[in-house]
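As structure tokens, the structure follows; a few thoughts come after it.
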Ligand code: PMP
């Protein structure tokens, strides 16, 4: 049985106050809070078991290496990847997407080649491709969302030409919450011989992810949004693509032998992990992924579907508030503006006085903002520990904003 109170009790931070009010944390899209089991795992990894990984034969190094490497299997299970060898650890999605850009895309692209993107990508899934545009003359081809913020998978496939070398697409928009039908995109792209790189930063926290079923070539996740530590993350890479990749960063661990005139790479996935990694961050991410799987991703999805329906109903009831993105298939992420002159920054400041944490701004998605013709929004993004009562708290605080700014 899913028990939100029992889940909340596992997050020490949720019992604190902000500005004299109980914390109502609705900024999960930016980063999620951490349950006690993750905090305990970090404490133990540093306090009892700490040493560098892959380097020593002493006891602590062996324990640390085992704990760290175990997360590869946990991550493979979380994503339903066929093997833990298909998982490369990164510091988060930004590093993962840069790895794909430098390690896979750059060596195989030339001037005039094309990358298809949606207009609602996060900058992390835009700027690494801009590098290729600037340095190699690669063309970025943008596919727009419709008025509801939905992305037609066929429109993405129609944008593919014989110059297309990659489709880079988010699974869930960090601004609108739209769930993209990445499986249809991958199926169609495969028939055309075009690899697909999926940014799973926002999706993996809200729904079960099955990379084998989706059929993607790359799938990036970030630990800090998955109730784990910042500085952790991973990318699933289809073995055919991994075999095509060159290392992105050089250093210790990613090599087997280094001589004056030659180097021999370590086996994948280690070949793509240079230097001392985020040892404790990754171990903490493993604890977070296990914690989510213990609750059950289906249960998390069901709880958040109820929250989404309730929040949608309550927000739609405010006729001076404009929710951006009306997709029927939406994760628990709501961007909105208020009628009148109030800037989203002012709104979030007022909400903060009521203990309500939301994000305001462009959400690292400027092309989407330009497409929608707005400068900024407020974003309330929900997680597994949020409740309908917190939706009510948000609504009360927004009504106060309306009274203040109308
Ligand atoms: N993509 C999306 C859709 C995101 O929401 C974010 C985080 N804001 C990122 C990429 C960047 O991830 P990270 O914080 O791990 O670099």
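The values are calculated or read from the model by the stated rules, or taken from the named source; none is laboratory data. Source: prediction; values computed, not measured. For neighbour counting, all protein chains shown are included, and Cβ atoms are generated from backbone atoms with ideal geometry for every residue, glycine included.
List of remarks:
- Restricted to the range 176-274, the set of helices (runs of 4 or more DSSP H) holding at least 2 residues that are under 13 Å from the mean Cα position of the chain (by Cα) comprises 203-206.
- Odd one out for residue 89 among (1) within 30 Å of residue 335 (Cβ to Cβ); (2) within 15 Å of the ligand (Cβ to nearest atom): (1)
- Screening residue 334 on (1) crowded, with 17+ Cβ neighbours inside 10 Å; (2) under 21 Å from residue 171 (Cα atoms); (3) out of contact with any helix residue (DSSP H, G or I) (no Cβ under 8 Å at 6 or more places or on another chain) shows it passes everything except condition (3).
- Residue identified as on the phi > 0 side of the Ramachandran plot and surrounded by 14 or more Cβ atoms within 10 Å (Cβ to Cβ) among 80, 28, 67, 52: 80
- Top-ranked residue in the range 156-166 [being more than 10 Å from residue 118 (Cα to Cα) and touching a residue at least 12 places away in the same chain (Cβ under 8 Å); ranked as surrounded by the most Cβ atoms within 10 Å (Cβ to Cβ)]: 166
- Residue within the range 119-135 that is over 22 Å from residue 182 (Cα atoms), touching a strand residue (DSSP E or B) at 6+ places or on another chain (Cβ under 8 Å) and more than 15 Å from the ligand (Cβ to nearest atom) present: yes
- In the range 227-258, the residues that are touching a strand residue (DSSP E or B) at 6+ places or on another chain (Cβ under 9 Å) and within 23 Å of residue 27 (Cα to Cα): 228, 230, 232, 233, 234
- The range 344-383, subset assigned to a loop (DSSP other than H, G, I, E, B) and in contact with a helix residue (DSSP H, G or I) (Cβ under 6 Å, 6 or more places away or on another chain), residue farthest from residue 22 (Cα to Cα): 364
- Residue match in the range 276-291 (condition: on the phi > 0 side of the Ramachandran plot, in contact (Cβ under 8 Å) with a residue 12 or more places away in the chain, within 18 Å of the chain's Cα centre (by Cα) and in the same structural domain as residue 101 (by the TED database)): no
- Any chance residue 325 is under 30 Å from residue 143 (Cα atoms) and buried (at least 20 other Cβ atoms within 10 Å of the Cβ): yes
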